[in-house]
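Novice: The following block contains the structure, expressed as structure tokens.
The values are calculated or read from the model by the stated rules, or taken from the named source; none is laboratory data. Everything quoted here is computed from the prediction, not taken from an experiment. No Cβ is skipped: glycine too gets one built from the backbone with ideal geometry, and neighbour counts run over all protein chains shown. Note: areas computed on protein heavy atoms with side chains; ligands, DNA, RNA excluded. Shrake-Rupley method; radii C 1.70, N 1.55, O 1.52, S 1.80 Å.
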Amino acid sequence: MAPIQEPEIQLAQRLASNEKVIRTKTMKKLRKYISARSQRAAGGFTGDELLKLWKGLFYCLWMQDKPLLQEELSNQISALIHSFHDIDKQLMYLESFLQTFKREWTGIDRLRMDKFYQ
């Protein structure tokens, strides 16, 4: 029997899917998941969990074609910060973003660079 994966890993894998429909549905689920989990008294996220989510978000943007859709996705990703109900978790989300881009930056090819500059 296969071990059950953490929800963050499952979401990250779906965010990096080749199919736009799966990525779109997962973005909606992610927004709800972040909101629900950050409302719990004992809930919240660890830095490692947010890094896993951010890797999925990074590759979600990587897979997105067409500039208008890239802009829309960028706006959705940046708006996720408002799903966190605690300023400390919002800052942790931002810190995870910076760590992810620091880690992945050298692997971005020149054809995809414009979408990440945006």
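Novice: Against the conditions (1) of a type outside the set (D, E, K, R); (2) closer than 21 Å to SER17 by Cα; (3) surrounded by fewer than 13 Cβ atoms within 10 Å (Cβ to Cβ), where does HIS82 fall short? Just the number, please.
Specialist: Unmet for HIS82, out of (1) of a type outside the set (D, E, K, R); (2) closer than 21 Å to SER17 by Cα; (3) surrounded by fewer than 13 Cβ atoms within 10 Å (Cβ to Cβ): (2).
Novice: For the range 60-67, indicate whether the set of residues that are on the phi > 0 side of the Ramachandran plot and outside any helix (DSSP H, G or I) is non-empty.
Specialist: Here is the first cut: in the range 60-67, the ones on the phi > 0 side of the Ramachandran plot are 66.
Imposing the further condition that a residue be outside any helix (DSSP H, G or I) reduces the set to 66.
Yes, that holds for at least one residue.
Novice: From the list LEU15, LEU51, exactly one residue is buried (at least 17 other Cβ atoms within 10 Å of the Cβ), without any contact (Cβ under 8 Å) to a residue 60 or more places away in the chain, aliphatic (A, V, I, L, M) and within 17 Å of LEU94 (Cα to Cα). Which is it? Lay out the reasoning, then the answer.
Specialist: Details: LEU15 fails: within 17 Å of LEU94 (Cα to Cα).
Going through LEU15, LEU51 in turn, just one is buried (at least 17 other Cβ atoms within 10 Å of the Cβ), without any contact (Cβ under 8 Å) to a residue 60 or more places away in the chain, aliphatic (A, V, I, L, M) and within 17 Å of LEU94 (Cα to Cα): LEU51.
Novice: A further question on this structure: Please find, within the range 18-48, the residue that is most open to solvent (accessible area, probe 1.4 Å) out of those that are closer than 19 Å to SER78 by Cβ and either among the aliphatic types (A, V, I, L, M) or touching a Pro at 6+ places or on another chain (Cβ under 8 Å) (or both).
Specialist: Out of the qualifying residues, it is TYR33.
Novice: Given the conditions (1) more than 23 Å from GLN10 (Cβ to Cβ); (2) surrounded by 12 or more Cβ atoms within 10 Å (Cβ to Cβ), report the number of the one that PHE101 does not fulfil.
Specialist: Going through (1) more than 23 Å from GLN10 (Cβ to Cβ); (2) surrounded by 12 or more Cβ atoms within 10 Å (Cβ to Cβ) one by one, PHE101 breaks only (1).
Novice: Can I ask one more? Restricting to the range 20-48, name every residue that is among the charged types (D, E, K, R), under 22 Å from GLU104 (Cα atoms) and free of Cβ contacts under 8 Å to residues at least 12 places away in the same chain.
Specialist: We begin by selecting, within the range 20-48, every residue among the charged types (D, E, K, R); these are 20, 23, 25, 28-29, 31-32, 37, 40, 48.
Still in the list and also under 22 Å from GLU104 (Cα atoms): 20, 23, 48.
ASP48 - this is the single residue of the range 20-48 that is among the charged types (D, E, K, R), under 22 Å from GLU104 (Cα atoms) and free of Cβ contacts under 8 Å to residues at least 12 places away in the same chain.
Novice: Name, by its number, the condition in (1) exposed (fewer than 12 other Cβ atoms within 10 Å of the Cβ); (2) in contact with a Phe, Trp or Tyr (Cβ under 7 Å, 6 or more places away or on another chain) that does not hold for LYS89.
Specialist: (1)
Novice: Turning to a different aspect of this structure: Scan the range 62-112 for residues that are touching a residue at least 12 places away in the same chain (Cβ under 8 Å) and of a type in the set (Asp, Glu) and report the count.
Specialist: Residues that pass the stated criteria total 4.
Novice: Just for the range 104-116: of the residues that are under 15 Å from SER74 (Cβ atoms) and open to solvent by 50 Å² or more (accessible area, probe 1.4 Å), which one is modelled with the highest pLDDT? Before you say what the answer is, go through the steps one by one.
Specialist: Of all residues in the range 104-116, those under 15 Å from SER74 (Cβ atoms) come to 108, 112-116.
Then drop every residue that is not open to solvent by 50 Å² or more (accessible area, probe 1.4 Å), which leaves 112, 114.
Numbers: ARG112: 77, ASP114: 73.
Only one residue fits best here, namely ARG112.
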